[in-house]
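Report on one structure; see the data block that follows.
Here, each number is a calculation from the coordinates, and none is a lab measurement. Keep in mind that this is a model prediction, so the values were computed, not measured. Methodologically, a virtual Cβ is constructed for each residue, glycine included, from the backbone with ideal geometry; neighbour enumeration extends over all protein chains shown.
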């Protein structure tokens, strides 16, 4: 189904004057929610429309009631530890996570992954970056750090959170491989020299089959399974017309981190 520039995409991402007489100003990102933050919508459902921070987790925890069976989530990511905490909170309260409009990065990697039930609304963008555990472990391997090193311990905390939720933490590496690491380089930030990993793609959008591997039978609802539609809606909804997006299957696992770290070349100077 080809939808680039069509009214179908416009109704979910931007309102265009040429589509059925619509004259509404373009809306993208969090403006698609109407409101931002944590609030109850007109039907009384708790709505989360924000980057995921410790404050957002605190607000959700304070506002959830025993009667809440579902929350509606829109987020382009946030802090890794906060997203893990939000995913654990919702799972502990047995709350279904309904994602709407977009769920990216920490939202898809942690909150969706840790939920016991996930519903995806129509025309919703679900996409991944690399994962922190993968990057930490690759860096630790390149630097030949011991198991007691802080980088390895930070990775282990993330992996243990996955395992505690009953998920296979090797999925973190398969997701990272989906954006295709290409090289390892160095940069100076605030006077500190640090290792960085460059990737071929900015985002990975799984097809339906890959999504079912990632989320298992906890996943229901709709899914953007047409590449042209998925990429178009991502770019329009997030106002990122030049985003580099890989769509499709998930690399096979498990991933041998040590082998990947040895195989990655050094990034050319200036990357």
Quiz item: Using only helices, what value at 222 nm comes out for the chain when you add -39,500 (n - 2.57) per DSSP H run of length 4 or more and divide by the total residues, to the nearest 500 deg cm²/dmol?
Solution: -9500 deg cm²/dmol
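How high is the relative contact order of the chain, in percent, with contacts defined as C-alpha pairs under 8 Å that are six or more residues apart?
Numbers: 510 pairs, mean separation 49.7, N = 271.
It comes to 18 percent, rounded to a whole number.
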Quiz prompt | Cβ-Cβ FRET estimate between residue 55 and residue 28, R0 fixed at 22 Å, reported to 0.05 | solution = 0.40
Quiz item: Roughly how many Å is it from the Cα centre of region 127-196 to that of region 67-88, as a whole number?
Solution: 21
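Need the full-extension length gain, residue 157 to residue 94, defined as separation in residues times 0.36 nm minus the C-alpha distance. One decimal, nm. Numbers along the way, then the final one.
Details: separation 63, 0.36 × 63 = 22.68 nm, distance 2.28 nm.
Value of the extension gain: 20.4 nm.
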Self-check item: Ranking of 151, 238 by count of other Cβ atoms within 10 Å, fewest first
Solution: 151, 238
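Pulled fully out, how much extra length does the chain show between residue 190 and residue 39, if you take 0.36 nm times their separation in residues and subtract their Cα-Cα distance?
Numbers: separation 151, 0.36 × 151 = 54.36 nm, distance 3.76 nm.
The residue 190-residue 39 span can extend by a further 50.6 nm.
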Quiz item: Sorting 68, 168, 217 on the 10 Å Cβ count, fewest up front, what's the list?
Solution: 217, 168, 68
Quiz item: Say each of residue 269 and residue 208 gets a label point 7 Å from the Cα, pointing the same way as Cα to Cβ; how far apart are those two points in nm?
Solution: 5.2
Exercise. Report the far tail of the P(r) of the chain, meaning the percent of Cα-Cα pairs longer than 24 Å.
Key: 51
